[in-house]
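Everything below concerns the one structure shown next.
The values are calculated or read from the model by the stated rules, or taken from the named source; none is laboratory data. Because the structure is a prediction, the values reported are computed rather than measured. For neighbour counting, all protein chains shown are included, and Cβ atoms are generated from backbone atoms with ideal geometry for every residue, glycine included.
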Amino acid sequence: MAKRNKLEIVKDILKIIQDNHSIKPTPLLRRSNISSSRFKEYYSELLEKEFLKETYGKNKKITLTEKGQKYLEKYQTIINFIDEFEL
Amino acid sequence: MTGRAITGMGQGLGKFMTLGIGTEIIYSFVIIVCSLMIYFGTRELYNLTKHKGIKYFRLSFLFFALAYFFRSFIKIILFYFDIREIRLLLPVFGSVTLFIFMYFSAIAIFYLLYSVMWKKWKSKLAIYLFHLSALIISTTVLLFRTSLVYFTINLLLLIFIIFTVYTAYHQSKKKKSYNLYIIYLMLFIFWIFNIVDILVPSLLQTFQLFIYLFSLGIFLLIFYKVIRKTG
């Protein structure tokens with residue numbers, strides 16, 4: 001299996017959240033298929049970029065923001081564009 | 001303003017109405033609009049990803065737009081006044097415009113090359129080197145106003161471009177990208193013709209229409225490729 005690049009890992013993380021509507025951090029880490037240190041980096045970056053948000057009820061849960069949804073919608077366009085111009 | 005200059009402006013105004021300057025303005029306008037549409041059309045993709053390749057790709061077209069703006073500015077001034085009048089009446093203004101044009105031209109070329117090479121040229125030093133090289137190029141053009149210096153600078157730039165595009169193509173994993181590198185190479189070669197056309201106006205006059213049409217075709221092709229991929 002080819003090594004995933006950053007854009008693909010972000011897409012995978014956001015896709016897991018989207019498929020579950022909201023998810024706890026531990027199952028998200030498990031399903032992301034990356035090391036916990038790298039997960040922390042991605043998680044902080046995605047929070048900072050406002051791609052996802054934390055909600056506090058009985059447990060801490062993670063949900064997608066509108067920007068996160070937009071990323072998923074545009075993902076294929078982004079990849080095609082990068083591919084077309086060898087960026 | 002001297003009487004000669006006013007007479008010159010009057011004659012220039014007459015010439016302005018002819019096809020020559022009209023073609024010049026349409027040519028610059030289409031390329032500036034294309035470049036700005038590429039820049040603004042890719043803004044969302046960049047905002048979502050902060051991808052370095054996208055960043056330098058869009059910035060290069062922003063600089064192409066700025067360079068073409070200053071290029072058409074120089075062309076219009078040259079249309080109204082001859083070189084001696086410019087040196088006499090607008091010495092600082094003419095020099096500053098030429099400096100900015102050369103600086104933006106060089107940066108546009110370097111940034112587009114960097115957009116395909118950033119994964120290989122990982123060091124941040126590359127960006128500083130580009131700005132330094134652009135500064136050296138524009139200062140040299142300003143200080144040594146001889147055709148030999150202009151040719152040497154553009155020849156060196158061309159050699160660097162051909163070498164980089166050739167390297168990028170050979171390092172590319174996708175052999176289908178051949179067309180892209182040919183388009184980039186043509187864009188750079190014709191952009192250098194555009195620079196020479198400004199620095200030594202009489203040299204390429206015979207081929208001017210061909211250079212304009214070909215340059216327009218390349219920009220429109222890249223613009224088409226961008227809108228096809230971004231929607």
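Of all residues in the stretch A:1-20, how many are within 13 Å of chain B (Cβ to nearest Cβ) and either among the hydrophobic types (A, V, I, L, M, F, W, C) or not in a helix (DSSP H, G or I) (or both)?
First, pick out the residues of the stretch A:1-20 that are within 13 Å of chain B (Cβ to nearest Cβ): A:2, A:5-11, A:14.
If we keep only those that are either among the hydrophobic types (A, V, I, L, M, F, W, C) or not in a helix (DSSP H, G or I) (or both) as well, we get A:2, A:5, A:7, A:9-10, A:14.
Of the residues in that region, 6 qualify.
Has the stretch B:110-117 got any residue that is within 14 Å of another protein chain (Cβ to nearest Cβ), among the polar types (S, T, N, Q) and in a helix (DSSP H, G or I)?
So far as the stretch B:110-117 goes, yes, one or more of its residues are within 14 Å of another protein chain (Cβ to nearest Cβ), among the polar types (S, T, N, Q) and in a helix (DSSP H, G or I).
Mind listing just one residue for me: the one in the stretch B:194-231 that is in contact with a Cys (Cβ under 9 Å, 6 or more places away or on another chain) and more than 14 Å from every other protein chain (Cβ to nearest Cβ) and, of those, farthest from B:E44 (Cα to Cα)?
B:L216
Determine which single condition B:Y39 fails, assuming it passes every other condition in (1) more than 14 Å from the chain's Cα centre (by Cα); (2) at pLDDT below 85.
(2)
Taking the stretch B:181-194 only, how many residues are out of contact with any helix residue (DSSP H, G or I) (no Cβ under 7 Å at 6 or more places or on another chain) and at pLDDT below 90?
The total comes to 0.
Only residues in the stretch B:112-141 that are on the phi < 0 side of the Ramachandran plot count as the first member; pair them with residues that are not in a helix (DSSP H, G or I), Cβ under 7 angstrom, at least 6 apart or cross-chain, and list the lot.
B:Y114/B:W121; B:S115/A:L87; B:V116/A:E86; B:V116/A:L87
Under 7 Å between Cβ atoms, at least 6 apart or on separate chains: pull out the pairs that start in the stretch B:169-188 with a residue that is at the interface with another protein chain (Cβ under 9 Å from one of its Cβ atoms) and part of a helix (DSSP H, G or I) and end on any residue that is crowded, with 18+ Cβ neighbours inside 10 Å and charged (D, E, K, R).
B:S177/A:E86; B:L180/A:E86
Test of understanding: among B:L142, B:L157, B:L132, which residue is surrounded by fewer than 13 Cβ atoms within 10 Å (Cβ to Cβ) and in a helix (DSSP H, G or I)?
B:L132
Condition first: touching an Asp or Glu at 6+ places or on another chain (Cβ under 7 Å), more than 14 Å from every other protein chain (Cβ to nearest Cβ) and either part of a helix (DSSP H, G or I) or touching a residue at least 12 places away in the same chain (Cβ under 8 Å) (or both). Can you find one or more residues in the stretch B:67-80 that meet it? Break it down into steps so the answer makes sense when it comes.
Residues of the stretch B:67-80 that are touching an Asp or Glu at 6+ places or on another chain (Cβ under 7 Å), as a first pass: B:72, B:75.
If we keep only those that are more than 14 Å from every other protein chain (Cβ to nearest Cβ) as well, we get B:72, B:75.
After this cut, where a residue has to be either part of a helix (DSSP H, G or I) or touching a residue at least 12 places away in the same chain (Cβ under 8 Å) (or both) as well, the list is B:72, B:75.
Yes; the residues of the stretch B:67-80 include at least one that is touching an Asp or Glu at 6+ places or on another chain (Cβ under 7 Å), more than 14 Å from every other protein chain (Cβ to nearest Cβ) and either part of a helix (DSSP H, G or I) or touching a residue at least 12 places away in the same chain (Cβ under 8 Å) (or both).
Limited to the stretch B:66-105, what total is found for residues that are of a type in the set (S, T, Y) and either at pLDDT 90 or above or surrounded by fewer than 17 Cβ atoms within 10 Å (Cβ to Cβ) (or both)?
4
Search the stretch A:32-87 for residues being among the polar types (S, T, N, Q), more than 14 Å from chain B (Cβ to nearest Cβ) and touching a strand residue (DSSP E or B) at 6+ places or on another chain (Cβ under 6 Å), and hand back the single one that is surrounded by the fewest Cβ atoms within 10 Å (Cβ to Cβ).
Among them, the one singled out is A:T55.
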